[in-house]
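Remarks on the structure that follows.
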Amino acid sequence: MRVAVIGSGYVGLVAAACLAEIGHDVVCVDNDSARIARLQSGEVPIFEHHLPELIARHRGGRLRFQTELGPAVREAQAVFIAVGTPASEEGSADLSYVELVSRQLAEALEGYKVIVEKSTVPVYTSDWVRRTVARKAAADAQFDVVSNPEFLREGSAVTDFLYPDRIVVGADGPRAAEVMTELYAPLTSGEYGRRAGAVPRPAGAPDPSPLILTSAKSAEMIKHASNAFLAMKISFINMVARMCEAAGTDIEHVAAGIGTDRRIGRSFLRAGVGFGGSCFPKDLKAFRAVAEEMGLEFRLLDEVLRINEEQRQAFLRKVKGALWNLKGKRLAVLGLAFKAGTDDVRESPAIALVQSFLKEGAEVVAHDPAAIEAAKAEFAGLAPGARLSFVSSPYEAAEGADALVILTEWPEYARLDLDRIRKSLREPVLVDGRNLYRPEVVEGKGLTYVSVGRKSAKSPVATN
Ligand code: UGA
């Protein structure tokens, strides 16, 4: 099928590459000519596992990049809108890019098209897109607007696209539903996963992926509600972690005990420094704004955000508690990305915490396997005298530091040579914001270990 994807950001680029991978003829359009030139020359502007190989495989063949929207739309049967929906000042989603693209594509409509809303948008956006396109398009233009939200996680976006838990299609008529069903057939039949050279299926992914056909409004609601629910799980477990600390027990045991109930599930119950990223904080605020417009107060969402903010403050107190004063202390910080597997630092709890450490007068020596360049931009306006440097290994960071502080759950940070770390540190203190170690293991190496929601291994409560 011929497909146009408008927007070459995270969602657009992954969708374009994956749609080409499953067999479609895709044109990815962006008005940022420098970005398109980089993509045309084979450069991959985002850090995402499998994406470079897919772009290399299809670029110039089934996957093309261009700045002209009109010809791409005219050729396509399905036109994906995957442009940004940033938060406005009040927290609601700013839909001006979606509106602009809707107008532009309307002018190029010929024959029947399915317009697919892929960006994360509030319920009712599909109605607005439909009205905007109808107003601008030729009188005989035929089109349907479909909502097809993405559930991609940064770091595993390609496999999330190719082997999703579900594909949600909100189509209000049979013709559009048919086009979308055909578009995703290689995934919903399982045929793609059986092809030689297919990106391997991750363990536990459904085989094949189910397609949920619903209305456009339901699909829009599914996206926001899914992210809000996942964020709620994280804040819930973080609050329980604080109770575990007060009770002198272990959040890891409690989370496992809760999560083995299949009605609850184990995922998204990892206590830590709170959630960040370009999605959860923004989508929670946008979902709350949608409720407000409906005259409803969704205070649960406020509480999820409040607990998340408090979690960072609580972690800052923990670091201070381990070292008494931060002024003049040197902290070895491991992790700047908002989570492992990405170079993205947007709304990263690690960045916020490093800023707090610096404000308290600490010197920070930071490491991250992928996000140092992105992080540098975040620290551009530091107060004069702030001492921040970046190094290329965790051991270099630890050299002469008063404590090692883990802020991102990169797998390599869970496999550190703790003997070497202890010898490198000036003071043998490890403050772990992601619970990557068992307390008895770290303390067995002669380090003081402070983690989230857990007592020290030296306390009398038994651990396994
Ligand atoms: C999230 C959703 O998981 C995707 O399904 C969704 O498509 C995407 O937002 C989006 O709307 O575009 P993402 O932001 O990439 O994906 O990251 P997550 O893996 O969900 O993690 C979000 C944050 O929560 C990270 O800071 C992570 O460290 C934190 N987290 C996650 C926890 O603190 N504990 C957990 O148990 C899980």
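What follows draws every value from the coordinates through simple rules; no lab data is involved. Only a predicted model underlies this, so the values are computations on that prediction, with no experimental measurement involved. Cβ coordinates were reconstructed from backbone atoms using ideal geometry, including for glycine residues, and neighbour counts include every protein chain displayed.
Return yes or no: is Ile264 more than 25 Å from Pro369 (Cα to Cα), within 16 Å of the ligand (Cβ to nearest atom) and assigned to a loop (DSSP other than H, G, I, E, B)?
Numbers: more than 25 Å from Pro369 (Cα to Cα): yes; within 16 Å of the ligand (Cβ to nearest atom): yes; assigned to a loop (DSSP other than H, G, I, E, B): yes.
So Ile264 fits the description; yes.
Looking only at the range 247-257, how many residues end up being within 12 Å of the ligand (Cβ to nearest atom) and without any contact (Cβ under 8 Å) to a residue 24 or more places away in the chain?
The qualifying residues number 1.
When you look at Ala176, is it aliphatic (A, V, I, L, M) and touching a strand residue (DSSP E or B) at 6+ places or on another chain (Cβ under 7 Å), yes or no? Step through it out loud before you land on a result.
Numbers: aliphatic (A, V, I, L, M): yes; touching a strand residue (DSSP E or B) at 6+ places or on another chain (Cβ under 7 Å): yes.
Here the answer is yes, as Ala176 does meet what is asked.
When you check Glu440 against the structure, is it exposed (fewer than 15 other Cβ atoms within 10 Å of the Cβ) and within 16 Å of the ligand (Cβ to nearest atom), yes or no?
In short, no.
Please find, among Asp172, Asp160, the residue that is more than 16 Å from the ligand (Cβ to nearest atom) and either among the charged types (D, E, K, R) or in contact (Cβ under 8 Å) with a residue 60 or more places away in the chain (or both).
Numbers: Asp160 fails: more than 16 Å from the ligand (Cβ to nearest atom).
After ruling out the rest, the residue left standing is Asp172.
From the list Val129, Val146, which one is assigned to a strand (DSSP E or B), under 26 Å from Glu292 (Cα atoms) and over 21 Å from the mean Cα position of the chain (by Cα)? Spell out the reasoning first.
Values: Val129 fails: assigned to a strand (DSSP E or B).
When all the criteria are applied, what remains is Val146.
If I filter the range 135-157 down to residues being more than 18 Å from Thr342 (Cα to Cα) and of a type in the set (Gly, Ala, Ser), which single residue comes out as farthest from the ligand (Cβ to nearest atom)?
Ala139
Within the range 207-243, take every residue that is under 16 Å from Ser126 (Cβ atoms) and among the basic types (Lys, Arg) and give me the one that is surrounded by the fewest Cβ atoms within 10 Å (Cβ to Cβ).
For the range 207-243, the residue satisfying everything is Lys217.
Please work out which residue is nearest to the ligand (Cβ to nearest atom), limiting yourself to the range 224-246 and to residues that are within 26 Å of Pro149 (Cβ to Cβ) and of a type in the set (Val, Ile, Thr).
Ile234
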